[in-house]
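The values are calculated or read from the model by the stated rules, or taken from the named source; none is laboratory data. Since the model is a prediction, treat every value here as computed from it, not as a measurement. Here the Cβ positions follow ideal geometry from the backbone for every residue, glycine too, while neighbour counts run over all protein chains shown. Side chains included, ligands, DNA and RNA excluded: accessible areas come from the protein's heavy atoms. Shrake-Rupley method; radii C 1.70, N 1.55, O 1.52, S 1.80 Å.
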Amino acid sequence: MEALFQDLRYALRQLRKAPGFTITAVITLALGIGANTAIFTLVHGILLRSLPVADPARLYRIGDTDNCCVNGGLQGDNGDFDLFSYDLYRQLKDSAPEFEQLAAMQASQDEFSVRRGNALAKSLRGEFVSGNYFSTLGLGAYTGRPLSDVDDTPSAAPATVVSYGAWRTEFAADPALIGSTIFIQARPFTVVGIAPPGFFGDRVTDRPPAFWMPLSSEPYIYGPDSILHHPDTNWLYPLGRVRPGTNIVPLQAKLSTALRQWLGTRPRYNNNGEAAEIPKQHVVIVPGGGGIQNLQQQVGKGLKMTMILSSFVLLIACANIANLLLARATTRRADMAVRTALGAGRRRLIRQILTESVLLSCTGGLAGLAVAYASSHMILALAFPNAKNMPIDASPSLVMLGFALLVSLVTGVLFGTAPAWLSSHAQPAEALRGVNRSTRDRSSLPQQALVVVQAALSVVLLAGAILMTKSLANLEHQNFGVATANRYVVHLDLQGAGYTAEKLPALYRELEDRFSALPGAASVGMALYSPLEGDNWDECVIQQGHPAPQPDEKCSATWDRVSPRFLDAIGVPVLRGRGFTDQDTATSQLVAVVNQTFAKRFFPNQDPVGQHFGMGILPKDSGVFEIVGVFADFKMNNPRDPARAVFLRPLNQQYAGFQVPEMVWAETRSLFINSMVLKFNAPEQNVEGLVRRTLADIDPNLTVVNLQSFDAQVAGNFDEERIIAQLTSLFGILAIILASVGLYGVTSYFVARRTSEIGVRMALGATRSSVLALVLRGALSQILIGLGLGIPAALFAGHLMASLLYGVGGYDPLALAEATLMLALCASAAGFIPARRAASIEPMQALRTE
């Protein structure tokens, strides 16, 4: 221990004696370690996080993909069931005693209007769960009690459990909330408990639920629109706790068999050839300790790629540190030679230098924590701009501190070994004749090799940054088919305000009249959902006279309910026929307008206007809707995909002939708009104030769930791509700066070590231009070798990134050319400065340097 403390004191003295070297090394390491620690914080918080529940290792989910939110019929091309109806969930629960408990939770997490007492209603996110939800997770309550099976019965009084975060932020941590009544969708619920602190639900999301309700209360909330007892409407995720010693593979086969047996008893799955598909249906059971991993599946690829790229930045930073240490070791050869001559052991010298290297790395790691803390908060804010009570903590944690310490120690040991080894081999004779007279320099080759590695990694990062930036530009500037300028999207909750289907026509007329009368308003469009807001309703389309579609037949199309002026509000022209008018009433012919893709797909080589089609799979419904117009294609949901087949229906027309329960539910539920698009003649400065005042004048119970410009709604689709592009660009800039600094340092060291040689050359007649060329040639040769290694690596990295790119290939020669040019220019500048210094050396002064 005494020797260790001596080494530490010696290392501190050496670092204090060279402040320039120390500051440069610490900043370089802080950037490299800080970037990695920030990304690791996000990776750990999103991809590696376990639910804060009891023994998460014994939790397993039935289903393995994100298949939100309500589906009917068979699922997926390969028969992989991920969503389940309430009846099917009960069947699986009864078939699997291997589960100690099996809970069910709503696939979607919806917004609800919540009001307490006489306070204004708020829009909060809630979730329906089975009564055994909290007991399955092994959770109690912070105060009060959790939900139980008794609460999940039709005769039970409506109860809810509020999250700890919502209790503090939405209800001011009022202890009297327990036992009090709150109104959810204008229905009274008793708050029976507050969830434990830190519990955010069954999945990581940017807006975790503010409260949980038992599944049995779903009919109480939605009345005739309830889907709880629709046996063929799939909307639940099952998550359970298995008994110790359970073998998952046989359990998976057992539940797949139970699934197929149940499907065989349902008429819905035995019509139109679907019975032949039942043998393909199966379930996949996956570990559920991380919960329902929808967010992880969405952002996993991007986070992993970012982690790899940040590792490249750390490698470049470490290469710079190694170069600094090698150069420093060379200047200290005289000191080491004297120590050796006085009897110092080689092992002790190596330990001293490694101690200095590790101390330097740990100091850089501590500075990196500050960088990581600020960066993590910034990245979270950019990636999830609408987050509320998000369960990802960007503050330093034990895991984060451990990661930074590990990276610092590995960096210090790994990149301090070579300088320590070279310094410990200093010969005592060198101390007697002057170390700088030696013509041997063991450090020059490793230094040049490190510059080559830096150049290669820089090309990879720069090319990746250019590819991601181009991809983002292609996404953001593609033709969406809609006009967004001077348009604003208002999201409403009509059911939460107490409206029924019978009251909607009068409300829609008043909404349109009042908002159309606002100063500067040009058009008002109402819809079930607006373009590119992230929602999508799909249904099978059957043309009049067409037989029932087969299971493998691609018959789905996106559909929406809209007001007559909706297409004008979003800037989409009608190309043939007409749009909706006020004459399309509840008693007139049921009509629809379709987009170009719909017309080409379902009515090829025909005039679609006047044709008839229906929704669902029953031929009796095939002639319900008459096509009266064709509108231009626009992106309705996923901006990465080509325009889908879309048909629109009027808000006030309803088809009463559906017999399938989920179709009846969808027909009624679709009458309630959730979006309103306001088009103004010029930018409006106080849209929120105008909207809230107008809604309050119409009905004080009408609350704004969300309000933003149409531009912002469209841009919100690219938050993930934007943050990845920004991070890769930042990493690329850091890489090229660090690589240039490394090249500058190596070239400067080259000039300093060969000052006398350069003086001799110039004394013998060498020109300044030839000296300049000599130094530049040595510098650029390292960059050329780095390019030779980096370009193939960049091509391979582009291949791996292909799934994240849009409108640009992984093999983009222009991106490679741009990356190569940027690196060459920066390297030339970094090499030119010391080369110019070498060319300005006076021969006589150089000859006297020894």
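Pairs only if they're at least six apart or on different chains, beta carbon under 7 angstrom, first in segment 158-173 and under 26 Å from PRO219 (Cα atoms), second acidic (Asp, Glu) and part of a helix (DSSP H, G or I); list them, first residue then second.
Cβ pairs passing all conditions: ALA159/ASP151.
What number of residues within segment 196-252 are at pLDDT 85 or above, among the small types (Gly, Ala, Ser) and assigned to a loop (DSSP other than H, G, I, E, B)?
Going through segment 196-252 one residue at a time, the tally reaches 4.
Scan segment 272-307 for residues that are part of a loop (DSSP other than H, G, I, E, B) and within 17 Å of ASP80 (Cβ to Cβ) and jot them down.
Within segment 272-307, GLN281, VAL283, VAL284, GLY288, ILE292, GLN293 meet the criteria.
Do we have GLY742 as part of a helix (DSSP H, G or I) and among the small types (Gly, Ala, Ser) here? Before you say what the answer is, go through the steps one by one.
Values: part of a helix (DSSP H, G or I): yes; among the small types (Gly, Ala, Ser): yes.
For GLY742, the condition - part of a helix (DSSP H, G or I) and among the small types (Gly, Ala, Ser) - is met.
Inspect segment 533-541 for any residue being part of a strand (DSSP E or B), farther than 19 Å from LEU702 by Cα and open to solvent by less than 10 Å² (accessible area, probe 1.4 Å) and give the result as yes or no.
yes
Conditions tested, residue by residue: (1) out of contact with any helix residue (DSSP H, G or I) (no Cβ under 6 Å at 6 or more places or on another chain); (2) of a type outside the set (A, V, I, L, M, F, W, C).
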| site | (1), (2) |
| --- | --- |
| ALA107 | yes, no |
| SER113 | yes, yes |
| ALA119 | yes, no |
| PRO146 | no, yes |
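Looking at this structure, is SER781 under 23 Å from ALA322 (Cβ atoms), in a helix (DSSP H, G or I), free of Cβ contacts under 8 Å to residues at least 40 places away in the same chain and not aliphatic (A, V, I, L, M)?
On the way: under 23 Å from ALA322 (Cβ atoms): yes; in a helix (DSSP H, G or I): yes; free of Cβ contacts under 8 Å to residues at least 40 places away in the same chain: yes; not aliphatic (A, V, I, L, M): yes.
Taking the combined requirement at face value, the residue satisfies it.
If you go through segment 528-541 one residue at a time, do you hit one that is at pLDDT below 90 and farther than 25 Å from ASN717 by Cβ?
Within segment 528-541, one or more residues are at pLDDT below 90 and farther than 25 Å from ASN717 by Cβ.
With the requirement that a residue be within 23 Å of ASN706 (Cβ to Cβ) and part of a loop (DSSP other than H, G, I, E, B), what does segment 486-518 give you?
ASN486, ASP493, LEU494, GLN495, GLY496, ALA497, GLY498, TYR499, LEU518
Tell me, please, whether a residue that is buried (at least 16 other Cβ atoms within 10 Å of the Cβ), assigned to a strand (DSSP E or B) and touching a Cys at 6+ places or on another chain (Cβ under 8 Å) can be found in segment 606-615.
The answer is yes; a qualifying residue exists.
Just checking, how many residues over segment 391-418 are assigned to a helix (DSSP H, G or I), modelled with pLDDT of 65 or more and out of contact with any His (no Cβ under 9 Å at 6 or more places or on another chain)?
Going through segment 391-418 one residue at a time, the tally reaches 17.
Mind listing whichever residues of segment 142-180 are in contact with a Phe, Trp or Tyr (Cβ under 7 Å, 6 or more places away or on another chain) and not aromatic (Phe, Trp, Tyr)?
Once the filter is applied, which keeps residues that are in contact with a Phe, Trp or Tyr (Cβ under 7 Å, 6 or more places away or on another chain) and not aromatic (Phe, Trp, Tyr), segment 142-180 yields PRO146, LEU147, PRO158, ALA159, THR160, VAL161, VAL162, SER163, ALA166, ALA173, LEU177.
Scan segment 551-573 for residues that are in a helix (DSSP H, G or I) and open to solvent by 10 Å² or more (accessible area, probe 1.4 Å) and jot them down.
LEU567, ASP568
Assess whether TRP262 counts as being touching a Ser or Thr at 6+ places or on another chain (Cβ under 8 Å), closer than 30 Å to ALA57 by Cα and either open to solvent by 40 Å² or more (accessible area, probe 1.4 Å) or touching a residue at least 60 places away in the same chain (Cβ under 8 Å) (or both).
Considered against the rule, which asks whether it is touching a Ser or Thr at 6+ places or on another chain (Cβ under 8 Å), closer than 30 Å to ALA57 by Cα and either open to solvent by 40 Å² or more (accessible area, probe 1.4 Å) or touching a residue at least 60 places away in the same chain (Cβ under 8 Å) (or both), TRP262 comes out as no.
Here is a yes/no grid of residues against (1) in a helix (DSSP H, G or I); (2) closer than 28 Å to ALA473 by Cβ; (3) open to solvent by less than 60 Å² (accessible area, probe 1.4 Å):
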| position | (1), (2), (3) |
| --- | --- |
| GLU662 | yes, no, yes |
| LEU678 | no, no, yes |
| PRO683 | no, yes, no |
| ALA696 | yes, no, yes |
| ALA725 | yes, yes, yes |
| SER729 | yes, yes, yes |
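Taking the options VAL489, VAL524, VAL574, name whichever one is under 23 Å from GLN611 (Cβ atoms) and touching a Phe, Trp or Tyr at 6+ places or on another chain (Cβ under 7 Å).
Values: VAL489 fails: under 23 Å from GLN611 (Cβ atoms); VAL524 fails: under 23 Å from GLN611 (Cβ atoms).
Result: VAL574 is the single residue among VAL489, VAL524, VAL574 that is under 23 Å from GLN611 (Cβ atoms) and touching a Phe, Trp or Tyr at 6+ places or on another chain (Cβ under 7 Å).
Would you check which residues across segment 457-516 are among the charged types (D, E, K, R), closer than 28 Å to GLU684 by Cβ and under 21 Å from the mean Cα position of the chain (by Cα) and list them?
GLU476 - this is the single residue of segment 457-516 that is among the charged types (D, E, K, R), closer than 28 Å to GLU684 by Cβ and under 21 Å from the mean Cα position of the chain (by Cα).
Between residues in segment 797-813 that are in contact (Cβ under 8 Å) with a residue 12 or more places away in the chain and of a type in the set (S, T, N, Q) and residues that are open to solvent by 30 Å² or more (accessible area, probe 1.4 Å) and assigned to a helix (DSSP H, G or I), which pairs lie under 7 Å by C-beta distance while being six or more apart or on different chains?
Filtered contacts from segment 797-813: SER803/LYS301.
If only one of PHE718, PHE750 is of a type in the set (Phe, Trp, Tyr), out of contact with any Phe, Trp or Tyr (no Cβ under 9 Å at 6 or more places or on another chain) and open to solvent by less than 30 Å² (accessible area, probe 1.4 Å), which one is it?
PHE718
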